[in-house]
Amino acid sequence: MPAVVVIGGQWGDEGKGRVVDYHARSCSVIARYSAGTNAGHTIVNQLGKFGLQLVPAGIFYGDKTCVIGNGVVIHPGTLIDEIAMLEERGVDTSRLVISDRSHVVMPWHPLLDGYEERLRASGAIGTTGTGTGPAFVDKARRSGIRMVDLITPELFRERLSAQLDYYNHIFERLYEAPPLDAGEIFAEYSELGARLRPWVADTADVVQRAHERGDRILLEGAQGALLDLDAGTYPFVTSSVPGSVAGGASIGIGLGPTAIERVVGVYKAYQTRVGNGPMPTELFDEDAERLRNHGAERGAGEYGTTTGRPRRCGWFDGVLGRYTSRLNGVTSVALTRLDTLSGFERVKVCVAYELDDGRVSTLPASLKTTERLKPIYEELPGWKRDVSNVRSLRALPAEARQFVRRIEQILDAPVDMISVGPERDQAIVTRDVFGSAV
Ligand code: GDP
Ligand code: IMO
Ligand code: MG
């Protein structure tokens, strides 16, 4: 069985957690391969509502192996809290495995995240402040502390002291901030490492063996392709190394690229973004408010899962959709939050941009150019009826079907899942993630 990757096709928060929670039913292994606690995946199922930052969304089934791969950076305290929260709410976490090669978010990383954002001033990225970016910088600088170091006291003491000498210089001399205490960090983090040790393993081997046995493997992406370090709206991107595009899954989990044959692109029926950076179809009118506050009374509006920040909202950007569909090799689309578009008189889709006197239909690399893009919209008829109880294509209003068909044409891939609400079964599913009709 080939492995399948689920990626976000926009700027994150497309509903990847929700899609993975649904499709995990037909898989044996569910694995996160990138990012860290900057991710926030919301899942609403028979056990209630959950916000997961590190644990894969397959954990709720009990019989799935859930892997946190080598490409993830782990804040140990957050992971321990997340495991405890799941256990308290009746979720069995005994089949969780954590890569010994994953990197650890240390106390200096969130501090640096904040100091660096302050230095950027008006050019601030609007990071989640979780220290995820600086932890990936340490990984690429070859000075990171890995899970294997954290759980091995003599390795940990050595790595910690070298890193802290370096960062205390930076804190004191550059940021005029107090230094951190090696002894305190060693005591606290050794304890966290000891608690995580039972879950730590060579996860690449676990996943490779599963692949060799023919098990179904689902690789759960984080963020979205437009936040990817290489493909995204640089520098307003995240720092994940191996990135947030499908190609990164192979690196971040330790499976060769030939194992991955299918890519599910999760796209929201409109566009959202948290943090700063270009967003050509951003709206500032009552339509934006309406998109943002749909379901807000139930705590389901467009507000960040991790930071609570209001998300910037706008119409579906077909230029960027096509761009990320091609970059990821999307073979199947999961279109989410179609219910949020109910009630609009007309629904708009951006099909190209006007740039100075010309027209462009892909994402320019230069931020200076991106700032001048003016979306060219195609207007489609809206639909009045609430669709959150619809479970078949036939029962959708004709205008909603027309919208879905247009998205398929733009993304050049079939929409195999339409999500019409946050709950597990609020979906119209025509094919599972392996391409079989359901
Ligand atoms: P992720 O980071 O891609 O997993 O997405 P988030 O969980 O951060 O954000 C998606 C939000 O939309 C969450 O609040 C989900 O519960 C919610 N959601 C997902 N699919 C749907 C849907 O089809 N309709 C509605 N109304 N909400 C949805
Ligand atoms: P999920 O997996 C939405 C954004 C931040 C900021 C930029 C850099 O839930 O889709 P960082 O803390 O990573 O250095 O911040 O990236 N960002 C996300 N936005 N969803 C996410 O993850 C995100 N992860 C990072 O808001 O603009
Ligand atoms: Mg999210």
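The values are calculated or read from the model by the stated rules, or taken from the named source; none is laboratory data. Source: prediction; values computed, not measured. As a convention, Cβ positions derive from the backbone with ideal geometry for all residues, glycine included, and neighbour counts pool all protein chains shown. Heavy atoms of the whole protein, side chains included, go into the accessibility calculation; ligands, DNA and RNA do not. Shrake-Rupley method; radii C 1.70, N 1.55, O 1.52, S 1.80 Å.
So with the 1.4 Å probe, I'd like the accessible area per residue for region 23-159, rounded to whole Å².
Heavy-atom accessible area per residue stands at 35 Å².
Using the Karplus equation 6.51 cos²θ - 1.76 cosθ + 1.60 (θ = phi - 60°), what ³J(HN,Hα) coupling, rounded to whole Hz, does each residue of region 3-14 give in order, writing x for Gly and Pro?
With the stated coefficients, region 3-14 comes to 7, 10, 9, 10, 10, x, x, 10, 10, x, 6, 7 Hz.
Long-range amide H contacts for THR336: which residues qualify at under 5 Å (H placed 1.01 Å from N, peptide plane, sequence gap of 5 or more or a different chain)?
TYR267, LYS268, ALA269, SER419
Which pairs in the list LYS49/LYS139; LYS49/LYS368; LYS16/LYS64; LYS64/LYS268; LYS49/LYS374 are over 29 Å apart, alpha-carbon to alpha-carbon?
The answer is LYS49/LYS139; LYS49/LYS368; LYS49/LYS374.
Using a 1.4 angstrom probe with every protein chain in place, what is the largest-first accessible-area order of ILE30, ILE260?
Sorted by accessible area, descending: ILE260, ILE30.
I need the peptides 8-19, 323-334, 95-106 ranked by packing, meaning the mean over residues of other C-beta atoms within 10 angstrom, with the highest value on top.
Averaged packing, sorted descending, gives the order 8-19, 95-106, 323-334.
Would you mind getting the Kirkwood hydrodynamic radius of region 231-314 from its Cα pairs, rounded to one decimal in Å?
Result for region 231-314 stands at 15.1 Å.
With the crude spin-label approximation of a point 7 Å out along Cα→Cβ, what separation in nm comes out for SER122 versus GLN409?
My value for the distance between the label points is 4.3 nm.
Can you compute the equivalent ellipsoid semi-axes for the chain, i.e. the square root of 5 times each eigenvalue of the Cα gyration tensor, sorted largest first and rounded to whole Å?
Semi-axes from the Cα gyration tensor: 36, 26, 19 Å.
Return the percentage of antiparallel bridges among DSSP beta bridges fully within the chain, rounded to the nearest 5 %.
Antiparallel bridges make up about 45 percent of those DSSP assigns within the chain.
Set the Förster distance to 41 Å, then compute FRET efficiency between ALA194 and ASP425 from the Cβ-Cβ distance, nearest 0.05.
My answer for the efficiency is 0.55.
Apply the Karplus curve 6.51 cos²θ - 1.76 cosθ + 1.60, θ = phi - 60°, to the phi angles in region 426-431 and return the couplings in whole Hz, x for Gly and Pro.
Going residue by residue, I get 7, 7, 10, 10, 9, 9 Hz, with x marking Gly and Pro.
From the residues GLY301, CYS313, THR331, which one has its Cα farthest along the dipole of region 268-334 in the positive direction, the dipole being from +1 and -1 charges on Cβ of Lys/Arg and Asp/Glu about the Cα centre?
THR331
Any idea what the alpha-carbon Rg over 2.2 N^0.38 Å comes to for region 269-332?
Ratio of Rg to 2.2 N^0.38 Å for region 269-332: 1.22.
Which of rounded, prolate, oblate describes region 108-248, given a ≥ b ≥ c as roots of the alpha-carbon gyration tensor eigenvalues and a/c under 1.5 marking rounded, otherwise prolate only if a/b is larger than b/c?
It comes out oblate by the Cα gyration axes.
Taking the full set of protein chains and a 1.4 angstrom probe, give the accessible area of MET1 in square angstrom, rounded to the nearest 10.
In the full protein context, MET1 sits at about 100 Å².
If you take the square roots of the eigenvalues of the alpha-carbon gyration tensor of region 168-281 and sort them as a ≥ b ≥ c, do you get rounded (a/c under 1.5), prolate (a/b over b/c) or oblate?
Because a/c hits 1.5 or more and a/b fails to exceed b/c, region 168-281 counts as oblate.
Compute the relative contact order of region 182-268 as a whole-number percentage, counting only Cα pairs closer than 8 Å that sit 6 or more residues apart in sequence.
21 percent
Name the shape class, rounded, prolate or oblate, that the alpha-carbon gyration tensor gives for region 140-192, where a ≥ b ≥ c are the square roots of its eigenvalues, rounded holds for a/c under 1.5, and otherwise prolate holds if a/b is larger than b/c and oblate otherwise.
The shape class here is oblate.
Taking each pair of distinct Cα atoms in region 40-136 once, what is the resulting Kirkwood hydrodynamic radius in Å?
14.8 Å
Sort 381-390, 338-347, 113-122 by packing, meaning the average of other beta carbons within 10 Å per residue, with the highest value first.
338-347, 381-390, 113-122
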